[in-house]
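The structure appears below as C-alpha cells.
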Amino acid sequence: MARRIPQGQQTRERILAVALREFAERGYSAVSVEEISETAGVSKGAFYYWFADKDELGRELQHDLYERLTTASMRVLQPGEDILSGMLRSFHSYLAALGDLGEARFFLRDAWVIPALEESGRRDHEDAIAMVRGILVIARERGEIVDLDPDALARVLMGAWAEATLHVLRTGERTTTVAVVEHLIRSLRPLDRSSALRKPKQKVNAK
C-alpha cells in the first residue's frame, strides 16, 4: 500500500509541479510567485510557508531533477563489471532519463544560465565530481584506466558530461553526442603495450 502524503506536503508538491510546468512553458524569469500560487490554487502565505522565494523553489526543482538523473545513471551499474563499461552504461542511462523528463528538460536547460540557480547547480556538480573521483581512484588501482591524476580527470570528465548534457538539451543531437563521450571514455583504457610496441616486420631484399 502506497504511503499517503500529508496534506501540507501535498500542497508543497502541487506548488513544485505547477512551477515546473510554468517555468518550462514560459521561462523562469517570466513567472511570478503570484502566478504560481494562483495556478496551484494556494495562497501566497502557503507558498511562503514552504519556500522563502521563487529562487529557493527553483533551486529545489533543479536539485530534485539532478537527483533523479543521478539515481537513474547509478541504478544500471552491475557488480563485477569493469569501471569504464559501467561509466558507459551510466551515461546511456543518464541520457535516457534526460529524455524522459519531458517538459522539465526545458527548465533544466535554462537553469544553466540563471544566476540565482547557479550556486545550487554548482554544489550538485561538485558532489558528482567527488563521486566520480572515488570511482576513478579504484579504476586506477585496478589498472583499468591509464595512470592519470584522478582529481584532474574527474573534473575533465564531468565537464565533458555537463557540456554533453547541455548540448543534448539545446540541440537534441543525442547520437553524435553519445559517440563523442563514448570515444572519450574508451580512450582511458590502457594500451596493450605488447601490441603497441610491436612493429611490422620489414621484408629483406635478397642480394
Discussion item. For a quick check of your reading of the model, give me the residue pairs whose first member lies in the range 75-93 and is farther than 16 Å from Ala128 by Cα and not assigned by TED's automatic domain parsing to the domain that holds Met131, whose second is acidic (Asp, Glu) and surrounded by 18 or more Cβ atoms within 10 Å (Cβ to Cβ), with beta-carbon atoms closer than 9 Å and at least 6 apart or on different chains.
Written reply: none
Worksheet entry | the range 159-207, subset at pLDDT 55 or above, farther than 21 Å from Leu136 by Cβ and among the β-branched types (Val, Ile, Thr), residue surrounded by the fewest Cβ atoms within 10 Å (Cβ to Cβ) | Thr175
Fill in: Criterion violated by Arg14 - all others in (1) at pLDDT below 90; (2) surrounded by fewer than 18 Cβ atoms within 10 Å (Cβ to Cβ) satisfied
(1)
Worksheet item: Looking only at residues in the range 87-115 that are among the small types (Gly, Ala, Ser) and under 27 Å from Leu77 (Cα atoms), which one is surrounded by the most Cβ atoms within 10 Å (Cβ to Cβ)?
Response: Ser90
Discussion item. Considering only the range 115-123, I want to know if a residue exists there that is in contact with a helix residue (DSSP H, G or I) (Cβ under 8 Å, 6 or more places away or on another chain), assigned by TED's automatic domain parsing to the domain that holds His183 and within 15 Å of Leu166 (Cα to Cα).
Written reply: yes
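The values are calculated or read from the model by the stated rules, or taken from the named source; none is laboratory data. For clarity, every value in this text was computed on a predicted model and none was experimentally measured. Ideal geometry is used to build each Cβ from the backbone, glycine not excepted, and the neighbour counts take in all protein chains shown.
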